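The next block holds one structure in the form of C-alpha cells; read it before the comments.
Values in this text are rule-based calculations from the coordinates and carry no lab data. Predicted model, so just to flag it, every value in this text is computed and none were measured. Here the Cβ positions follow ideal geometry from the backbone for every residue, glycine too, while neighbour counts run over all protein chains shown.
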Amino acid sequence: MATILDGKKTADRKLAVLREKIEDSALSPHLATVIAGTDPASLMYVRMKHKACEQVGITSVGITLPENAPTRTVVDTVLELNRDADIDGILVQLPLPAQVDSRRVIAAVHPGKDVDGFHPENLGLLFSGRPKFTPCTPTGIMALLAEYTIPVAGSRAVVVGRSIDVGRPMSALLTNADATVTVCHSKTRNLEEEIRRADILVSAIGKAHFITPAMVRPGAVVVDVGINHLDGKLVGDVDFEAVKKIASAITPVPGGVGPMTIATLMENTCRAAKERTCDRAL
Ligand SMILES: NC(=O)c1ccc[n+]([C@@H]2O[C@H](COP(=O)([O-])OP(=O)(O)OC[C@H]3O[C@@H](n4cnc5c(N)ncnc54)[C@H](OP(=O)(O)O)[C@@H]3O)[C@@H](O)[C@H]2O)c1
C-alpha cells in the first residue's frame, strides 16, 4: 500500500515555520489579490489565500473588480499595485473573465512582485535553469517530494498536462532537478504507454478518475493535481482508492497538492518582501 504524501500536514508545518520566521524578522510582508467577477471557486481560493496570510502574519488586501471589467481596468489595477510601495506581492486570481486578455494582465505584474511566478521573465528564468519566483503548484509539489525524500534525479517523470500554471513549469522544475521528463497532453499518441513508463507521474488534466491502475507502473510515485467534482465529492484526476494499492506513494485529493500550493504562495510573498526590503536598503 502506498505512502500517503500528506500535503496538509506538510503545508501546516511549513506555515508554522514561516510564521516564526516572520515574527523573528523585521519583515511585514503584504500581499494583494485581484479578482474579477464572482466565480464561486475563484472566490473560495482567494478566501483560502487570505486565511493563510492571517495564519502566518502576512497582511493582505483583496481587490474585487466587476465581472465585466475590461482588460484595461485589470491592467491599471495591477499597475497601481506595482507602484504601491507597501505591496510586496501581487496575485491575480485566474481564470479571468473571457473578455480580459490574461496574458496582458500577467505581463503587467512587476516581476519582483510576481509571487505566482507567471510573468514571462520569471518563467524564462525558470526554463533557463535560474529560477526566481516559480509557480506555486509545481513548486509545492517539488517541496512535497523533498519532504518525503523521494529521489527525483535520474528518475523518469511523466507530466500529463501542459498548462502554463502547472504542466509546463512542473516539467521545468523536474528537469532542473535532473529528472528525465516527458510532457503529455490531449494530442499525445499512446498516452497510456507514456504514462506507464513513469517513476514519478504528475497528473494535471482536470478529469475525474482519468488515471486508472492499468496506466500506472507498480511502485510509481503518483502526484494528483486535478480538482474535479464527482457525485458531489471533490476528487482528483487519479482513481485514488485503486491506484494507492499499486503506487509506492500518492497524494490525496483533497489534502495533497492544494495546501502545498498555498504554503508556497506564502513563502514566495515573504521572499518578495525580503528582496524588496534588501533592495530598498541598498
Ligand atoms: N491543487 C492545486 O493547487 C491546483 C492548482 C492548479 C490547477 N489545479 C487543477 O489541476 C487541473 C489542471 O489544471 P490546469 O490549469 O493545468 O488545466 P488546463 O489549463 O485546462 O490544462 C489541462 C491540460 O490537460 C491536458 N488534457 C486534457 N485532457 C486530456 C486528456 N484526455 N489526455 C491528455 N491530456 C489532457 C490538456 O491538453 P491540451 O494542452 O492538449 O489541451 C492541457 O494541457 C484542474 O483540475 C485544476 O483545477 C489544481
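Check which residues have an amide H placed less than 5 Å from L91's amide H, if you skip close sequence neighbours.
Placed amide hydrogens put A32, T33, V34 under 5 Å from L91.
Which ³J(HN,Hα) values, rounded to whole Hz and listed in residue order, are derived for the stretch 10-24 from phi using the Karplus coefficients 6.51, -1.76 and 1.60 in 6.51 cos²θ - 1.76 cosθ + 1.60 with θ = phi - 60°, glycine and proline given as x?
5, 5, 4, 5, 4, 5, 5, 4, 5, 4, 4, 4, 5, 4, 7
Applying the Karplus parametrisation 6.51 cos²θ - 1.76 cosθ + 1.60 with θ = phi - 60° to the phi angles of the stretch 258-274, what ³J(HN,Hα) value in whole Hz is obtained for each residue in order, glycine and proline being reported as x?
Computed from phi, the couplings for the stretch 258-274 are x, x, 5, 4, 5, 4, 5, 4, 5, 5, 4, 5, 5, 5, 4, 5, 4 Hz.
Name the residue farthest towards the positive end of the dipole of the stretch 195-275 from the options M260, S248, V202, assuming +1 on Cβ of Lys and Arg, -1 on Cβ of Asp and Glu, about the Cα centre.
After comparing all options, I get S248.
Using the alpha-carbon centroid of each, what span in Å lies between the stretch 86-161 and the stretch 218-275?
Taking the Cα centre of each part, the stretch 86-161 and the stretch 218-275 sit 16 Å apart.
Could you work out the helix-only [θ] at 222 nm for the chain, with each DSSP H run of four or more residues adding -39,500 (n - 2.57) and the total divided by the number of residues, to the nearest 500 deg cm²/dmol? Provide the component values of the computation, followed by the final result.
Numbers: 10 runs with 120 residues, N = 282.
The helix-only estimate for the chain comes to -13000 deg cm²/dmol at 222 nm.
With 10 angstrom as the radius, rank T10, T188, T139 by how many other C-beta atoms surround their C-beta, starting from the fewest.
Numbers: T10 20, T188 16, T139 24.
Lowest count first: T188, T10, T139.
³J(HN,Hα) across the stretch 90-100 via Karplus (A = 6.51, B = -1.76, C = 1.60, θ = phi - 60°), whole Hz, x for Gly/Pro?
Those phi angles translate into 10, 10, 9, 6, 9, x, 7, x, 4, 6, 8 Hz.
So if I restrict to the alpha-carbon atoms in the stretch 26-112, what is the Rg, and what is Dmax, the biggest pairwise distance, in Å?
Considering the stretch 26-112 through its Cα atoms, Rg and Dmax are 12.7, 42 Å.
What full-extension length gain, to one decimal in nm, is calculated for E23 and D84 as 0.36 nm per residue of separation minus the Cα-Cα distance?
The E23-D84 span can extend by a further 19.6 nm.
Within the set K113/K187; K14/K244; K21/K113; K21/K244; K14/K233; K51/K187, which residue pairs have Cα atoms separated by over 30 Å?
K113/K187; K21/K244; K51/K187
Going by average Cβ density within 10 Å per residue, which order do the peptides 78-87, 263-272, 164-173, 211-220 take, highest to lowest?
Result, highest mean first: 263-272, 164-173, 211-220, 78-87.
Need one number: % antiparallel among DSSP beta bridges in the stretch 136-258, to the nearest 5.
15 percent
What residues have an amide H closer than 5 Å to that of C184, excluding those fewer than 5 places away on the same chain, when H is modeled at 1.01 Å from N in the peptide plane?
The list, which skips near neighbours in sequence, is V159, V160, G161.
What are the residues whose amide H is under 5 Å from the amide H of L65, where those residues sit 5 or more places off or on another chain and H is modelled from the backbone?
Distant-sequence amide H within range of L65: I35, A36, G37.
Restricting the count to DSSP beta bridges whose residues both fall in the chain, what percent are antiparallel, rounded to a multiple of 5?
The antiparallel proportion sits near 10 percent.
Evaluate the Debye formula for the stretch 136-258 with equal point scatterers sitting on the alpha carbons, no solvent, and hand back log10 of I(q)/I(0) at q = 0.13, 0.15, 0.23 Å⁻¹, in q order, two decimals.
Values returned for q = 0.13, 0.15, 0.23 Å⁻¹ are -0.43, -0.58, -1.53.
Let me see the pair-distance distribution of the chain: every alpha carbon pair, 10 Å bin width, integer percents in order.
Calculated P(r), rounded to whole percents: 7, 28, 35, 23, 7, 0.
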